[in-house]
Amino acid sequence: MKKWPELIKGVLARQVRLFGFDVRTQTDVQAEVDHIIGGLKMIDALHAKTHEGVAYELTVLASNVAAGQALNVLLQCDWKHSVHLRPAFASEGPCRGFIFEGPEYSAAGSPLTPMNRNRKVWAPAAKAVLTSGPTLTGDGTQLTVAPIFSASGPGHTSTGGTHGTFEEWLLNNNEDYLFRIVNDDAGAKDLWLSLTFYEERVDV
């Protein structure tokens, strides 16, 4: 059997057609070549999932959270879909952002609606269920903590900060996750949480 390089030897690039798969129409589509660079058009995973209609964003702002209190958001993953997620935490003052896996709760809290980043009418709602203010009986396993410290600029006149990541968390299907921001300031502060994610179907 001939090896792959031998099979394509002598084949001109312009004679090769590459095809992708359109999730919405369930058909093969020919890949496009950029007329300027002469190569295939490439986009990152989140961009691609946005075009597929399975990328979402949720932003939660909690105003005047008392000292030592927290904003808690629960994410319940659908059993048929995994969630690829990029979290970001922010506060007017010093705070800590946490992610927990497998929290225990007696009530899920108030429903939240993540927005589909593709605003076409056919784009579906997220399979994951998100709620704020769950009644917790256990935090679960702490996966990470992201401290945001007090401002240290000239004259200490600036306040607040943010923490986010461009690297995604791949969450388990059929699992629950808790996102928490704790106000570590001596006074009441606004807390902010942003969850950017996309969903992929898994074989179960």
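What to note about this one:
- Applying the set (1) modelled with pLDDT under 95; (2) crowded, with 18+ Cβ neighbours inside 10 Å; (3) in contact with a strand residue (DSSP E or B) (Cβ under 7 Å, 6 or more places away or on another chain); (4) within 20 Å of residue 94 (Cα to Cα) to residue 173 leaves exactly one unmet item: (4).
- Residue in the stretch 33-53 that is part of a strand (DSSP E or B) and hydroxyl-bearing (Ser, Thr, Tyr) present: no
- No other residue among 67, 62 is modelled with pLDDT of 95 or more and open to solvent by 40 Å² or more (accessible area, probe 1.4 Å) apart from 67.
- Test: residue in the stretch 9-25 that is aromatic (Phe, Trp, Tyr) and modelled with pLDDT under 65: yes
The values are calculated or read from the model by the stated rules, or taken from the named source; none is laboratory data. If you're wondering where the values come from, they're calculated on a predicted model, not measured in any experiment. So basically every Cβ, Gly included, is an ideal-geometry build from the backbone, and we count neighbours across all protein chains shown. What goes into the accessible areas is simple: the full protein's heavy atoms, side chains included, and nothing from ligands, DNA or RNA. Shrake-Rupley method; radii C 1.70, N 1.55, O 1.52, S 1.80 Å.
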